[in-house]
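For reference, the structure is listed below as structure tokens.
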Amino acid sequence: MDAAAAEPPRQIGFDADGCEPDLDVDWHAGWPSAKHDPAPEIQSHAADEHTVVMRQNKSVNFEAPFMFLLFGNERALLIDTGATPEPEYFPLRRTVDEHVDAWLSRHPRRKYRLLVAHTHGHGDHKAADAQFADRPRTTVVGPGLEDVVAHYGFDDWPATPREIDLGGRVVDVIPGPGHHPSATVFYDRWTRLLLTGDTVYPGRLYVQDWDAFESTVDRLAAWCESHPVSHVVGCHVEMSVQPGVSYPRGWTYQPDEAALPMTVEQLQELQQAVKTIGGAPGIHTFDAFEIWYQVG
């Protein structure tokens, strides 16, 4: 046996000080003619050496959701699988495998595993799950509430967060219902990113259950008071750079869209907005987001 191969893998120290993730990205926001878009189906950006942010091209699906790939010493975590199931139109499995192979070439591991999870169960966040069904050493967490509760061990949902240990890199899983019954928010202790799915992002915040949504926003605001948060990051961009102006639903080209990362202060603004609205139905527009709530 090669002596080098017999040596244990070098452990990456995901220390408490964390890192400063780079989210200064010129995200591709579609093309005037979607069928002539020269950009790839998926754009990838390394926020740091161990974190990849991906976005589905709006020319493939107007939702253009973001997905996140986090590497630890023992396994990687993929958060969400996008809006298109067919690999010929949306090669997420191939893209993730390329990122995993590249990471393993720098940090060799044997029997490295992948966990596929979701921010919630809407179709534009779970469409490509089947691409990972036969992937070796891979676990796909079901998107339904029973699946989420069982996998993470939520015996008091939605009261207490749970943890995922990727091997030295710990991610907190925070219950986040309101937009969707099984919604979860992920807090990565390494990058200090608060990954909020469709609960908080620069766009249309659709509320299914008002009381649950208000409790979730309060829970996230309290989390930010007791944990260092570098950025609040959702899964879409629908606002323009002009305050209070969103792009219409279904548009595949957003040339002047707002930045993806939001701030803790903007989350606090959302908290105040929710309290001010008080569950009144309607479309409520603010500088950095809109709140859409219809009863029935």
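Readers should treat all values here as calculations from the given coordinates under stated rules, not as data from a laboratory. Given the structure is predicted, the values throughout are model-derived calculations rather than measurements. Positions of Cβ are backbone-derived with ideal geometry, glycine not excepted, and every protein chain shown enters the neighbour counts.
Okay, here's what the table says:
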| item | result |
| --- | --- |
| Pairs where the first residue, in segment 124-142, is over 11 Å from Pro85 (Cβ atoms) and the second is β-branched (Val, Ile, Thr) and part of a loop (DSSP other than H, G, I, E, B), C-beta under 8 Å, 6+ apart | His125/Thr81; His125/Thr119; Phe132/Thr81 |
| Criterion (of a type in the set (Gly, Ala, Ser) and surrounded by fewer than 15 Cβ atoms within 10 Å (Cβ to Cβ)) met by exactly one of Gly142, Gly82, Gly168, Gly176 | Gly168 |
| Some residue of segment 217-226 being within 27 Å of Tyr187 (Cα to Cα), touching a Ser or Thr at 6+ places or on another chain (Cβ under 6 Å) and buried (at least 17 other Cβ atoms within 10 Å of the Cβ) | no |
| Among the candidates Asn61, Asn73, residue that is within 19 Å of Ile12 (Cβ to Cβ) and either assigned to a loop (DSSP other than H, G, I, E, B) or in contact (Cβ under 8 Å) with a residue 40 or more places away in the chain (or both) | Asn73 |
| Phe68 assigned to a loop (DSSP other than H, G, I, E, B), in contact (Cβ under 8 Å) with a residue 40 or more places away in the chain and either surrounded by 15 or more Cβ atoms within 10 Å (Cβ to Cβ) or on the phi > 0 side of the Ramachandran plot (or both) | no |
| Number of the exception - Glu238 against (1) touching a Lys or Arg at 6+ places or on another chain (Cβ under 7 Å); (2) of a type in the set (D, E, K, R); (3) under 23 Å from Glu20 (Cβ atoms) | (3) |
| Total residues in segment 231-250, condition surrounded by 15 or more Cβ atoms within 10 Å (Cβ to Cβ), of a type outside the set (S, T, N, Q) and more than 20 Å from the chain's Cα centre (by Cα) | 1 |
| Inter-residue pairs, beta-carbon under 7 Å, first closer than 13 Å to Gln43 by Cα and touching a residue at least 60 places away in the same chain (Cβ under 8 Å) and in segment 21-32, second among the β-branched types (Val, Ile, Thr) and in a loop (DSSP other than H, G, I, E, B), 6+ apart | Gly30/Thr252 |
